[in-house]
1. Given the pairs LYS78/LYS124; LYS73/LYS122; LYS20/LYS94; LYS78/LYS106, which are separated by over 26 angstrom at their Cα positions?
2. Is it possible to state the helix-based mean residue ellipticity at 222 nm for the chain, with each DSSP H run of 4+ residues giving -39500 (n - 2.57), the sum divided by total residues, to the nearest 500 deg cm²/dmol? What is it?
3. Just one of (i) 16.9; (ii) 17.5; (iii) 15.0 is Kirkwood radius over Cα pairs in Å calculated from these coordinates, so which is it?
4. Testing the spin-label approximation: label points 7 Å from Cα along Cα→Cβ at ASN105 and ARG32. State their distance in nm.
5. Relative contact order for the range 2-129: what percent, with Cα pairs under 8 Å and sequence separation of 6 or more?
6. Quick test of the membrane-span-like rule: which DSSP H helices of the chain reach at least 24 Å along their long axis (C-alpha atoms) with mean Kyte hydropathy at least 0.0?
7. Between GLN59 and VAL85, what FRET efficiency comes out of the Förster formula 1/(1 + (r/R0)^6) with R0 = 22 Å and r the beta carbon distance, rounded to 0.05?
8. Which value, in debye to the nearest 20, gives the size of the charge dipole of the range 12-116 about its Cα centre, when Lys and Arg are +1 and Asp and Glu are -1 at the Cβ?
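Where a number appears in this text, it was derived from the coordinates with a stated rule and is not lab data. All figures in this text were calculated on a predicted structure; none of them were measured in a lab. No Cβ is skipped: glycine too gets one built from the backbone with ideal geometry, and neighbour counts run over all protein chains shown.
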Amino acid sequence: MPMNRLPIGIREDQRFEMQKLVEKLRTFAKERDWEQFHSPKNLAMALSVEVSEIVELFQWLTEEESYNLSPEKLQRLKEEIGDVVIYLTKLSDKFGIDPVEAAINKIEINEKKYPAEMVRGKAKKYNEY
């Protein structure tokens, strides 16, 4: 998709916010000379660790409890989501991928793989229908 054309569902201000985040992360790493540690492999591994920290917050909770986190757990969730977004953004930046555009494109693929009229209320994989 041409860079001057926004995918459906993305506003220009959202693209601007994503670019601001990318620039802030680049500056943050450069000021600390951390770029040397930010290979795609290392970023993918760090992303996995941060996602695992989110999983840990929900470990052993009932379904109902998972919707009603304590203020402390909610704050930790917010911080871990921030970490996930940071590492995902840094990894995306290494390959020139706009993560919001990638997500919207993936939704369009999934709309074809999982037609609503066929899968509504079912949790099967696309090749099981």
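1. Violating the 26 Å Cα-Cα cut-off are LYS78/LYS124; LYS73/LYS122.
2. -22000 deg cm²/dmol
3. Among (i) 16.9; (ii) 17.5; (iii) 15.0, the one calculated here is (ii).
4. With each label point 7 Å from Cα toward Cβ, the separation is 3.0 nm.
5. The value is 31 percent.
6. Going by DSSP H runs, the hits are 40-58.
7. 0.55
8. I would put it at about 420 debye.
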